[in-house]
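Following: one structure in structure tokens, then a few remarks.
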Amino acid sequence: MNHDLSLHQRRRAPTSEELKGIPWLAQLQPAARTRAVASLLVGDALPGDFVCRVGKPVTYWFGVVEGLLKMSSDNAQGQTMTFTGVPPGGWFGEGTAMKREPYRYNIQALRKSVVAGLPIDTFHWLLDHSIAFNRFVMHQLNERLGQFIAAREIDRLTNPDVRVARSLASLFNPVLYPGVGEVLRITQQELAYLVGLSRQRVNEALMALQAQGAIRVEYGGVRVLDLAALQSSVFVRRASTNED
């Protein structure tokens, strides 16, 4: 792979294994699936590569085959606000793609990632011709709304353990991120970028969550043992007694 080329210049046809990592393909009827596969491209993103930027026109609907991206925006003071991470199986920007409007956020690779792109014209063709594709996009939009409502709540939380718990829970969403399964491949530094805490404080929170049986920290990732505990008000009340 030539590191001097842009992500767009590194685009290529997906392999058969990479196609298996695109969750909505299997839901399509044969004719629609054939058209989608013929249009799909993938790019090998390097850490720091931008998949899309604020103000740029939408050309693809994007998804993560492997790796980890973050969605963020910069305010007028130059401060970066991270909205969410995008782990394997996650597709994003369907609202922007539907409206064909410029991006209002940045999407950047946190590590080496394989990013898939469906050209915007094929995206709209599938909306016009495939009930299964419409159903997938509808579920995406519904889950995304819930995710961003939860993100606003996380921003108001003062307890670091709860912030980490809720942020982890959002990354284990089986509808938005079906490729994650029970183990999220993420480093403590990557999680710190997403949560907005120091790596040391994230480590302390992970140890607290592990001690309570909600997760298990494994080499190169986190295994969820009790997703409901990460999401529940019972956990919040219990954790709130340990605030710094």
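The values are calculated or read from the model by the stated rules, or taken from the named source; none is laboratory data. Keep in mind that what you see is a predicted model, and the values were worked out from it rather than measured. Here the Cβ positions follow ideal geometry from the backbone for every residue, glycine too, while neighbour counts run over all protein chains shown. In case anyone asks, the SASA skips ligands and DNA or RNA and just uses the protein heavy atoms, side chains included. Shrake-Rupley method; radii C 1.70, N 1.55, O 1.52, S 1.80 Å.
Rolling a 1.4 Å sphere over the protein heavy atoms, what is the accessible area per residue of the chain, to the nearest Å²?
Values: 12210 Å² over 244 residues.
Heavy-atom SASA per residue in the chain reads 50 Å².
Using a simple spin-label model with points 7 Å from Cα along the Cα→Cβ vector, what separation in nm is obtained for Asn134 and Val54?
3.5
Amide H of Asp49 versus every other amide H placed in the peptide plane: which residues, excluding those fewer than 5 positions away on the same chain, fall under 5 Å?
Here the answer is Ala109, since their amide H atoms fall under 5 Å of that of Asp49.
Determine the gain in length on full extension of the stretch Glu17-Ala228; use 0.36 nm per residue of separation and subtract their C-alpha separation, reporting nm with one decimal. If you can, show how the numbers build up before the last one.
Details: separation 211, 0.36 × 211 = 75.96 nm, distance 3.18 nm.
Computed gain between Glu17 and Ala228 is 72.8 nm.
Under 17 Å from the 7 Å Cα→Cβ point of Thr34, by amide nitrogen: which residues of the range 117-138?
Within reach of a label on Thr34, which here means backbone N under 17 Å from a point 7 Å along Cα→Cβ, the range 117-138 contributes 126, 129-130.
Of the residues Asp161, Asp121, Asp44, which exhibits the maximal mean-square fluctuation in a Gaussian network model of the chain defined by a 10 Å Cα contact cut-off?
Between Asp161, Asp121, Asp44, it is Asp121 that shows the largest mean-square fluctuation.
With loop defined by DSSP as not H, G, I, E or B, and exposure as at most 14 other Cβ atoms within 10 Å, which is the longest segment of the chain clear of exposed trypsin sites (Lys or Arg not before Pro)? Don't jump to the answer; show the numbers that get you there.
Values: sites that count: Arg53, Arg100, Arg104, Lys112.
Free of exposed loop sites, the longest segment is 113-244.
Any chance you could tell me what percent of the C-alpha pair distances in the chain go past 31 Å? Don't skip to the answer; put the middle values down first.
Numbers: 7239 of 29646 pairs.
Within the chain, distances greater than 31 Å cover 24 percent of Cα pairs.
So if R0 is 41 Å, what FRET efficiency would His124 and Gln189 give, r being the distance between their Cβ atoms, rounded to the nearest 0.05?
Computed FRET efficiency for His124 and Gln189: 0.60.
Can you give me the span-like helices of the chain, meaning DSSP H runs with 27 Å or more of Cα extent along the axis and Kyte-Doolittle mean at or above -0.5? The partial results should precede the final answer.
On the way: long enough: 131-156 (38 Å, -0.20).
Helices meeting the span and hydropathy rule in the chain are 131-156.
Add -39500 (n - 2.57) for each DSSP H run of 4 or more in the chain, then divide by its residues: what number comes out at 222 nm, to the nearest 500 deg cm²/dmol?
Details: 10 runs with 102 residues, N = 244.
Per the formula, -12500 deg cm²/dmol.
Going from the alpha-carbon gyration tensor of the range 34-135, what semi-axes, largest first and in whole Å, does one get by taking the root of 5 times each eigenvalue?
On the way: eigenvalues 115, 53, 23 Å².
After scaling each eigenvalue by five and taking roots: 24, 16, 11 Å.
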